[in-house]
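Contents: one structure, followed by commentary.
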Amino acid sequence: MTVTVDQEPGGTPSAHPSGATATTPSRPRAPRPGAGRDRFLDVIRLFVMALVVLQHWWLPVLVQEQGGLEAGSVLAAEGGFLLTWVSQVMPLIFFVGGAANLISWRSASARGVNASTWFAHRLRRLAWPVVPLATVWIVATHLLVLGGAPVQPVLVGAGAAGMVLWFLAVYVLVVVATPVLVRAQERLGWWVPVALLTGAVVVDLVRFGAGVEWIGYLNVAFVWLGVHQLGFRYATGAVRTRHAAGMAAGGAAVALALVALGPYSLNMTGVFASEASNVAPPTLVLAAVGTLQVGVALLLRERISSWSERPGPARLLDRVCPQLMTVYLWHMLPISVVAGVLVFGLGINTPEPMTGLWLLWGVLGAVVLLPLIVPLAHWAVRFETPPRTLGGSPGMVRALAAAALIGGGMLALTVSGLGPGLAPLLGLVAVLAGVTLTRDPRNR
């Protein structure tokens, strides 16, 4: 994923505050928007993507049974939940996205770009890469089933491939909310993330106190926008060492207290989890963990930035970061192929979780997957750029309709997977229709 103000491949932009060091060691600031490249954010994104790929290989437990596939989770094993406190790093991506969205919106506003044009640009970059991905998966799974492959394992793989799209569905909301939240931050500063996270408190009180489960999904907005708002604070240089330390200490204390004393799961992710997690819907615990992660990252910023500016790491980041969202979208394809060959072709099931053999399984899997994912990402990165015919400003009504269609389509693909059936086709059509609505109707 490139690190530019106006471009965010697939919707997780890399921001443009520079990688310059803070003015003093005790008062780290993000440089002003447009000052240069911030490799600190690049490192976070690379770190997050590596953990996402690893957990999607390492956390599922796959066992062949009578021609079918039983998909369990390491999280069901004793102590498995501890892994999720390390592997759940998606809050960091929303933090990075917050920094990038604020910079992009301010840059666009300074050039006289209106909100509908900015929405259209962001939505196109977010949704267009999903169209070829979903097409490949839907066509391939139909061909596999027609060719005689067992339907159930195909559906498991297609469901896992669709699972990663939840992030893009939520990010549509983030994009649409950005102009409003930027204005709120300019007036209220730190009170905006405080208010959003307070909303998460109220939602959880009603959900667990009154047993109103559906209200928990309001935290999709409160939790993720709250962490996203911390990225705003970083991008404006408002985060001091004391703020970062407070976020780290306060987030850790709140998260531990809630899981120890409250009605919360110990799991921070839901990758084939056999019990409830703090992700679907998000909870106050996840918000606390996200605040902790952001605080720790900011406390380490000087060291990370210093390392990332060395010639070797800088070249690595320059080469890899433009393809990170492509890796995120496409990595389940080689994972599914390798798992299918091992489990169905060679009869090798996932080893017993939390054992030495299971650790070896994970390491060898990473070694096998890396040379498959890298060339796939290099080929598929071409789909990050939407066609030129989708340019221009559609107007606010069309832009908001596009956001609704894209968000709804992403959600449908997340729930139904990218396999055979009517629901995935309808989800893909909705995304494609939304992308089409982002074009200027006067374009020919």
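Values as computed for the structure displayed
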item: Options ARG122, ARG106; residue that is surrounded by 24 or more Cβ atoms within 10 Å (Cβ to Cβ) and basic (Lys, Arg); result: ARG122
item: Odd one out for LEU266 among (1) outside any helix (DSSP H, G or I); (2) crowded, with 19+ Cβ neighbours inside 10 Å; result: (2)
item: Residues within the stretch 134-180 that are free of Cβ contacts under 8 Å to residues at least 24 places away in the same chain and β-branched (Val, Ile, Thr), tallied; result: 2
item: Of all residues in the stretch 78-103 being assigned to a helix (DSSP H, G or I) and of a type in the set (Val, Ile, Thr), the one that is surrounded by the fewest Cβ atoms within 10 Å (Cβ to Cβ); result: VAL86
item: Candidates VAL203, VAL223, VAL172 - the one that is touching a Gly at 6+ places or on another chain (Cβ under 6 Å) and surrounded by 23 or more Cβ atoms within 10 Å (Cβ to Cβ); result: VAL172
item: Every pair of residues 6+ apart whose Cβ atoms lie under 8 Å, when the first sits in the stretch 379-391 and is under 17 Å from PRO334 (Cβ atoms) while the second is of a type in the set (A, V, I, L, M, F, W, C); result: ALA380/LEU133; ALA380/LEU329; ALA380/TRP330; PHE383/TRP128; PHE383/VAL131; PHE383/LEU133
item: Subset tally (residues that are assigned to a helix (DSSP H, G or I) and loosely packed, with under 14 Cβ neighbours inside 10 Å) for the stretch 342-367; result: 8
item: Residue that is modelled with the lowest pLDDT [pool: residues in the stretch 32-66 that are crowded, with 19+ Cβ neighbours inside 10 Å and in contact with a Pro (Cβ under 7 Å, 6 or more places away or on another chain)]; result: PRO33
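Yes/no matrix, rows are residues, columns are (1) in contact with a strand residue (DSSP E or B) (Cβ under 8 Å, 6 or more places away or on another chain); (2) part of a loop (DSSP other than H, G, I, E, B); (3) of a type in the set (D, E, K, R); (4) crowded, with 22+ Cβ neighbours inside 10 Å:
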position	(1), (2), (3), (4)
LEU372	no, no, no, no
ALA380	no, no, no, no
PRO394	no, yes, no, yes
MET410	no, no, no, yes
VAL429	no, no, no, no
VAL435	no, no, no, yes
PRO441	no, yes, no, no
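The values are calculated or read from the model by the stated rules, or taken from the named source; none is laboratory data. What you see is a predicted model, and the numbers here were worked out from it, not measured in a lab. As a convention, Cβ positions derive from the backbone with ideal geometry for all residues, glycine included, and neighbour counts pool all protein chains shown.
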